[in-house]
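K.L.:
For reference, the structure I am asking about is given below.
The values are calculated or read from the model by the stated rules, or taken from the named source; none is laboratory data. Because the structure is a prediction, the values reported are computed rather than measured. As a convention, Cβ positions derive from the backbone with ideal geometry for all residues, glycine included, and neighbour counts pool all protein chains shown. In case anyone asks, the SASA skips ligands and DNA or RNA and just uses the protein heavy atoms, side chains included. Shrake-Rupley method; radii C 1.70, N 1.55, O 1.52, S 1.80 Å.
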Amino acid sequence: MNILEMRHISKNFGKHLVLNDLNFTVPEHSIFGLIGKNGAGKTTAMKMIMGFLKPTSGKILVCGENVAYGNTATNRFIGYLPDVPEFYGYMTAKEYLVMCGRITGLKKLQIHERVQELLPLVGLDGIKREIHSFSRGMKQRLGIAQALLNTPKLLICDEATSALDPQGRKEILDLLSVAADQTTVIFSTHILSDVERICDSIGLLHEGTLALHGKLSEVKNTYRKEAVRIETIDEVQARRLFEHLRTLSFIQSVETSQCAVTVQLHDPQKNGLKIIDLLSDEQIPITNYQLLEPTLENVFLDVIK
Amino acid sequence: MNGFTAFFKKELLEAIRNYRVLILFSVTAIFGMMSPLTAKMMPDILANVGVEGMVLKIPEPTFIDAFTQFFKNFSQMGTVVLLLVFGGLLSQDLAKGTLIIPLSKGLSRHAVILAKYASALTLWTLSYALATLINYGYTLYFFQTISVSHLFFSLFCLWLFGAFLLAFLLLASVVTRGAFGGLLVTAAGLGILLICQAIFRMDPFNPLKLVSENVALLTGKAAFDQLLNTAWSTCALILSTLILAMMLFKKKSI
């Protein structure tokens, strides 16, 4: 079953077209990474799923129900973590969660149970301070706790890790991985390593449409570049290697920069051996020989080029 | 209903923790105390600043004078205090983005407006009642009671004006952006009402009449029936302001 369906969504602010006929679906129990440059329309898309913004045209379905702009009943399925969550600073974490629980219609006992579960999970147990004294990381963790409070079917995290230091990011990513056991997660970001770490499928938002969409592994395979990088001990050797490689038939292109030579070739596993033969025949000493794996960053840069 | 109760409680907690309750109650209590005191001491003050050769003839202050001061304080300074204390009632929430999470948890937008209005009205009512009681007590202590007509209705008119001001403030905060938009529009709106009253003589339906005729009502110089009509029309105005605020807020981009 699809938890989320975006059908032909367009949105413009005045003359500026942000989303242009955006279509995608997110199946149940996946971690979907929505990536794109700053200003690509990620937050706009997420706010429309929440009913906070009105699409210029198109339709959004959450768990099969239509999202209505303004008051939308579909929010009962959703937990939402904004990019910079803003809380009432004069409350404690527990008070805030209790308020959210009441708003969402949980019973007193349920609220108590959920709060007792969630506070330790996000590492805010026993912290009696008011929220205004919290660090960004703590606020982000409280944001996750409130998002998970009503055991949502869909957890939407907008740039949840962008403003955090490496440790804070790791904590949030770990939390999201845990949460993903019980719910579907949509995670928007421009930090590609975070996506590679937790997401199983991705969508790349570029110029208002989804330029890429699919399982992370498939996307990487499609964009696999068959390349080898060889590092020699000095620039003279690199130059020699470059000249020899240029003459080989199976080589598509060769580039050299300082001591390193990067080669694009057909069938690197088989033809790579020929390169190694060449190295040994010509007595070119090397320090490193590496098959280049496609990174999401390369894919990203390739697509938005 | 869940949402309304939870958000109403949150509003009251916010007012307490952000010292709004403290400020509002102290200022109104001071008004309650000061009004009869100024009325009592006014002849002495004037006598001391009297210019040589001028004879000031001041009648003995009465019960009415104490309430004149009270109404003057509340309709001028009181309005300013009310606007300053509740100026950010909705604007702050919108400008800071603190409403996003509660709304994402399924809080209805109608409940936001109603809870905010109900909490502000509760605080206004309580502080006003406190001020009135203090004022009444001191007035009884300083002056003998004289028979006045429509004292309760006169007080009610002032309260109703406060209620109108809060509703208008909410509507103004819905239609504007930024942390002070609502406050500015409300101040501008009051200015327009003043102009309507002063220049165009649009009296019968002008809520400002509720705070300009209280004393005249006490001394029997203003007609009760007319003011009653203004009170009814203000009630209708409050209701329609709130409904409009709810309708517009429902369609507002957050």
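K.L.:
Nearest 500 deg cm²/dmol is fine: what mean residue ellipticity at 222 nm does chain B get from its DSSP H runs of n ≥ 4 alone, each adding -39,500 (n - 2.57), divided by its residue count? Intermediate results must be reported in sequence, preceding the final value.
P.N.:
On the way: 12 runs with 185 residues, N = 254.
It lands at -24000 deg cm²/dmol.
K.L.:
Using a Gaussian network model of chain A with C-alpha springs under 10 Å, which one of A:238, A:147, A:211 is most mobile by mean-square fluctuation?
P.N.:
Residue with maximal mean-square fluctuation among A:238, A:147, A:211: A:238.
K.L.:
Can you give the calculated 222 nm mean residue ellipticity of chain A, where each DSSP H run of n ≥ 4 adds -39,500 (n - 2.57) and the sum is split over every residue, rounded to the nearest 500 deg cm²/dmol? Please list the in-between numbers first.
P.N.:
Values: 10 runs with 109 residues, N = 305.
The helix contribution divided over chain A gives -11000 deg cm²/dmol.
K.L.:
Taking the Cα atoms of the protein assembly as shown alone, what are Rg (to one decimal) and Dmax (as a whole number) in Å?
P.N.:
My reading of the Cα-based Rg and Dmax gives 34.2, 124 Å.
K.L.:
Once the other residues with Cβ under 12 Å from the Cβ of residue B:61 are scored (Lys, Arg +1; Asp, Glu -1), what is the net sum?
P.N.:
On the way: positive: B:40; negative: B:44, B:60, B:65.
Taking every Cβ under 12 Å from that of residue B:61, the sum is -2.
K.L.:
Say we join alpha carbon atoms closer than 10 Å with springs in a Gaussian network model of chain B; which of B:160, B:190, B:227 then has the biggest fluctuation?
P.N.:
Comparing B:160, B:190, B:227 in a Gaussian network model of chain B, the most mobile one is B:190.
K.L.:
Below 8 Å, C-alpha to C-alpha, sequence gap of six or more: please give me the relative contact order for the stretch B:179-231 in percent. Mind showing how you got there, number by number?
P.N.:
Values: 28 pairs, mean separation 15.9, N = 53.
Computed over the stretch B:179-231, the figure is 30 percent.
K.L.:
Could you work out the local net charge near residue B:105, counting Lys and Arg as +1, Asp and Glu as -1, over the other residues with Cβ closer than 11 Å to its Cβ? Can you show the working numbers first?
P.N.:
Numbers: positive: A:76, A:102; negative: none.
Around residue B:105, the charge tally is +2.
K.L.:
Take every Cα pair under 8 Å in the stretch A:2-222 that's 6+ residues apart, average their separations, divide by the length, and report that relative contact order as a whole percent. Show your work: numbers first, answer last.
P.N.:
Details: 426 pairs, mean separation 64.1, N = 221.
Once normalised by length, the contact order is 29 percent.
K.L.:
Still on this structure: Seen from all sides and averaged, what is the projected area of the convex hull of the Cα atoms in the stretch B:120-199, in nm²?
P.N.:
On the way: hull surface 29.1 nm².
Convex hull of Cα atoms, orientation-averaged projection: 7.3 nm².
K.L.:
Moving on to the next point. Which one, A:71, A:271, A:23, has the greatest fluctuation when you compute a Gaussian network model over chain A with C-alpha springs under 10 angstrom?
P.N.:
Evaluated over chain A, the most mobile residue of the options is A:271.
K.L.:
For chain B, just say rounded, prolate or oblate: build the C-alpha gyration tensor, square-root its eigenvalues into a ≥ b ≥ c, call rounded for a/c under 1.5, and beyond that prolate if a/b exceeds b/c, oblate if not.
P.N.:
Details: a/c = 2.26, a/b = 1.87, b/c = 1.21.
In terms of gyration-tensor shape, prolate.
K.L.:
Once you have the alpha carbon radius of gyration of the stretch A:1-93, what is it after dividing by 2.2 N^0.38 Å, with N set to its residue count?
P.N.:
Numbers: Rg = 14.2 Å, N = 93, 2.2 N^0.38 = 12.3 Å.
It is 1.15.
K.L.:
Another question about this same structure. Using a/c under 1.5 as the rounded threshold, could you call the stretch A:73-196 rounded, prolate or oblate? The axes a ≥ b ≥ c are square roots of the C-alpha gyration tensor eigenvalues, and prolate needs a/b larger than b/c, oblate otherwise.
P.N.:
On the way: a/c = 1.76, a/b = 1.22, b/c = 1.44.
Judged from the Cα gyration tensor, the stretch A:73-196 comes out oblate (a/c at least 1.5, b/c at or above a/b).
K.L.:
Checking the table A:107/B:96; A:215/B:250; A:47/B:96 against a 26 Å threshold on Cα-Cα, which pairs fail?
P.N.:
Working: A:107/B:96 29 Å; A:215/B:250 38 Å; A:47/B:96 16 Å.
As for pairs spanning more than 26 Å Cα to Cα, those are A:107/B:96; A:215/B:250.
K.L.:
If I take every Cα pair under 8 Å that is 6 or more residues apart in chain B, average their sequence separation and divide by the length, what percent do I get for the relative contact order? Before the final figure, lay out the partial values.
P.N.:
On the way: 287 pairs, mean separation 66.9, N = 254.
Contact order relative to length: 26 percent.
K.L.:
Over the Cα atoms of chain A, what radius of gyration and what Dmax do you get, in Å?
P.N.:
Both quantities, over Cα of chain A: 24.5, 78 Å.
K.L.:
While we're on this one: Take B:116, B:252, A:153 and sort them by solvent-accessible surface of the protein heavy atoms, 1.4 Å probe, largest at the top.
P.N.:
Numbers: B:116 0, B:252 25, A:153 105 Å².
Sorted descending by solvent-accessible area, the residues read A:153, B:252, B:116.
K.L.:
Still on this structure: How much length, in nm to one decimal, is gained on full extension between residue B:58 and residue B:179, taken as 0.36 nm per residue of separation minus their Cα-Cα distance?
P.N.:
Working: separation 121, 0.36 × 121 = 43.56 nm, distance 4.74 nm.
Using 0.36 nm per residue and subtracting the Cα-Cα distance, I get 38.8 nm.
K.L.:
In addition: Looking at the square roots a ≥ b ≥ c of the eigenvalues of the Cα gyration tensor of the stretch A:227-303, which shape do they give, rounded for a/c under 1.5, prolate if a/b is larger than b/c, or oblate? Write out the running numbers ahead of the final one.
P.N.:
On the way: a/c = 1.92, a/b = 1.48, b/c = 1.30.
Judged from the Cα gyration tensor, the stretch A:227-303 comes out prolate (a/c at least 1.5, a/b above b/c).
K.L.:
What is the helix-to-structure angle for A:108-121, meaning the angle in degrees between its Cα long axis and the longest Cα principal axis of chain A, kept from 0 to 90 and rounded to the nearest 10?
P.N.:
Approximately 30 degrees, to the nearest 10.
K.L.:
Residues with beta-carbon under 15 Å from that of residue A:283, excluding residue A:283: net charge, scoring Lys, Arg +1 and Asp, Glu -1?
P.N.:
On the way: positive: A:239, A:240; negative: A:234, A:243, A:277, A:281, A:282.
With Lys, Arg at +1 and Asp, Glu at -1, the neighbours total -3.
K.L.:
Please list the non-local residues whose amide H lies under 5 Å from the amide H of residue B:222, H modeled 1.01 Å from N, same-chain partners needing a gap of 5 or more.
P.N.:
B:217
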